[in-house]
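First comes the structure, then the notes that go with it.
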Amino acid sequence: MARSAIGRLYEREVMTRLLDHAMRGVDDVRAEIVGPLTGRVLEIGFGTGATLAFYGAGVTELVAVEPASELAALARRRLADSGRAHQLIEARATRPLPLDPESFDAVVVAFVLCSVERTAELLAAARRRRRPGAPLVLAAPV
């Protein structure tokens, strides 16, 4: 469905700022859940890239999935500025993703499940991408 110019403006100018500001309260949680991760990591629902600053040096590649184009645009700039090996996929995780099964050392789904309509499908997609025994890291506001 095509979004209106007002919808795109809202997403770009209001939503990105609201997300960045409102979610600062969970920075300690972000650091705790992603800081220890290593290897190739998939983050579903990357948003503006707020989690990016908390990934440790042990992450060799970060693959981010974000469906909202305006959020993805900001995330893309942040990823480029980070100097970290990365890929940004602008798509919904409940649709087929161009990612091999069992190809990630960890999958992160942080603070996005409240905005997902098909939670079971998203979590199934996340599980399929993990290597056997790799963590599926979930975080949600309480």
Subject >> Karplus (6.51, -1.76, 1.60) ³J(HN,Hα), θ = phi - 60°, over the range 27-32, in Hz, Gly and Pro reported as x >> reply: 4, 4, 5, 4, 4, 5
Original post:
Under the classification rounded if a/c is under 1.5, otherwise prolate if a/b is larger than b/c and oblate if not, where does the range 42-142 fall, given a ≥ b ≥ c as square roots of the Cα gyration tensor eigenvalues?
Top reply: rounded
**OP:** Please turn the phi angles of the range 91-98 into ³J(HN,Hα) values with the Karplus equation 6.51 cos²θ - 1.76 cosθ + 1.60 (θ = phi - 60°), one per residue in order, whole Hz, x for glycine and proline.
**Re:** 6, 7, 5, 7, 9, x, 9, x
Subject >> the range 83-126: GluC sites (Glu not before Pro) in DSSP coil with no more than 14 other Cβ atoms inside 10 Å >> reply: E102, E117
Subject >> J(HN,Hα) series, the range 44-54, from Karplus relation 6.51 cos²θ - 1.76 cosθ + 1.60, nearest Hz, glycine and proline x >> reply: 9, x, 5, x, 7, x, 4, 6, 3, 5, 9
Subject >> Inter-probe distance in nm under a simple model that places probes 7 Å from Cα toward Cβ, at A73 and A91 >> reply: 2.2 nm
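No value in this document is a laboratory result; all are computed from the given coordinates. Because the structure is predicted, anything quoted here is derived from the model rather than measured. A quick note on method: Cβ atoms are made from the backbone with ideal geometry, for glycine too, and the neighbour counts reach across all protein chains shown.
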